[in-house]
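Peer 1: Submitted below is the structure of interest, expressed as structure tokens.
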Amino acid sequence: MMTYCVGLLLNEGVVMLSDTRTNAGLDNISTYRKMFFFEEPGERVIVIMTAGSLSVTQTAIARLQEAIDDPDATEDTSILKAPTMLKAALQIGNMLATVRGEIDEKMHAMKQGVTASMIVAGQRKGGPMRLFLIYPEGNFIQATEDTPFLQIGEHKYGKPILDRVVKPSTSLADAQKAVLLSMDSTLRSNLSVGMPLDMCIIEKDALKVGRKRRIEAGDEQFRAMSEAWSRALRDGFTQINI
């Protein structure tokens, strides 16, 4: 099951975008949300995007929510009580690895395997904003000043524009444009990534999701942006001499 999710860590905050396409063959295509929100406004905010096996990602997200809802939750069990974003990322990584291992073991008899990965962004009061890519084994890397964006899923088509455009100093407005054009390139080149899209913005120190946007197929604003980008590329191409 392919997808495309991208997150940008900027001086002004975080921008995240995911598609919703899930397919198990050309005749079995569905839409599933891949962006999940966990927040205590004014205290902390965490957003998770998922890619890979739905059985793994949905189970992991459900267990994370169950741990949050547990009246006996502690800073070792709930990502909304973790003392730092690093500790929250460790909890999420451990949960992903545990669930993947359990399901993978069940699938072994069928000689099949499962995999999944996540992008996690967030901030707790008094701490810095962080952005992590969590691998199926539970280990992770984080966005840095040198590499201020992370991707999961079918990422190769949308990476070139991010490499050229995105810097920590990029504004949130330009960042939205960058992730949408990155997604547009991916949509054009890979049928396993599809509309609608989910985008969110978390401003630095706001400690809440500032904006959520669902972009449906046929969205006029997205279509106009896509067409303008295509024209700009064609014009640029014709102006280059070799």
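Peer 1: How far apart, in nanometres, would the label points at Arg231 and Leu86 be if each is projected 7 angstrom from Cα along the Cα-to-Cβ direction?
Peer 2: 4.9 nm
Peer 1: What helices does the chain hold that run 27 Å or longer along their axis, going by alpha-carbon atoms, with a Kyte-Doolittle average of -0.5 or more, using DSSP H for the helix calls?
Peer 2: Helices meeting the span and hydropathy rule in the chain are 85-108.
Peer 1: Please give the calculated 222 nm ellipticity per residue for the chain, where each DSSP H segment of at least 4 residues contributes -39500 (n - 2.57) and the sum is spread over every residue; nearest 500 deg cm²/dmol? Walk me through the intermediate numbers first.
Peer 2: Details: 5 runs with 85 residues, N = 242.
That comes out to -12000 deg cm²/dmol.
Peer 1: Rounded if a/c is under 1.5, else prolate if a/b is larger than b/c, else oblate: which is region 113-197, with a ≥ b ≥ c the root eigenvalues of its Cα gyration tensor?
Peer 2: Oblate.
Peer 1: Would you mind calculating the gained length between Thr238 and Lys204 on full extension (0.36 nm times residue separation, minus the Cα-Cα distance), in nm to one decimal?
Peer 2: Between Thr238 and Lys204, full extension yields 8.2 nm more.
Peer 1: Another question, if that's okay. Test of understanding: what is the full-extension gain from Asp72 to Arg188, defined as 0.36 nm times their sequence separation minus their Cα-Cα distance? Kindly include the intermediate steps, with their values, before the conclusion.
Peer 2: Numbers: separation 116, 0.36 × 116 = 41.76 nm, distance 4.76 nm.
My answer for the length gained is 37.0 nm.
Peer 1: Please give the contour-minus-distance gain from Arg33 to Asp163: 0.36 nm per residue of separation, less the Cα-Cα distance, rounded to one decimal in nm.
Peer 2: 44.1 nm
Peer 1: Only four residue types carry charge here, +1 at the Cβ of Lys and Arg and -1 at the Cβ of Asp and Glu. Report the dipole size of region 121-183 about the Cα centre in Debye, rounded to the nearest 20.
Peer 2: Rounded to the nearest 20 debye, it is 200 debye.
Peer 1: Listed here are the pairs Lys34/Lys159; Lys34/Lys156; Lys159/Lys208; which of them are more than 24 Å apart at the Cα?
Peer 2: Lys159/Lys208
Peer 1: Once every Cα of the chain carries one equal point scatterer and solvent is ignored, give the base-10 log of I(q)/I(0) from the Debye formula at q = 0.12, 0.14, 0.17 Å⁻¹, two decimals.
Peer 2: Relative scattering, expressed as log10 I(q)/I(0), comes to -0.68, -0.91, -1.28.
Peer 1: So, one more: When a footprinting reagent is the concern and you count Cβ atoms within 10 Å, what order do Phe132, Phe37 take, fewest first?
Peer 2: Phe37, Phe132
Peer 1: Related question: When Lys and Arg each count +1 and Asp and Glu each count -1, what net charge do the other residues less than 11 Å away from Leu10, Cβ to Cβ, add up to?
Peer 2: -2
Peer 1: Residue by residue through region 141-158, what is 3J(HN,Hα) from phi via Karplus (6.51 cos²θ - 1.76 cosθ + 1.60, θ = phi - 60°)? Round to whole Hz and write x for glycine and proline.
Peer 2: Couplings: 10, 10, 5, 10, 4, 6, 10, x, 9, 10, 9, 9, x, 7, 9, 5, 6, x Hz.
Peer 1: Two-decimal Rg/Rh of region 28-115 from alpha-carbon positions, Kirkwood Rh?
Peer 2: 1.02
Read the figures in this text as sums done on the coordinates, not as results from a lab. Quick caveat: nothing in here was measured; it's all calculated off a predicted structure. Please note: Cβ atoms are built from the backbone with ideal geometry, for glycine as well, and neighbour counts cover all protein chains shown.
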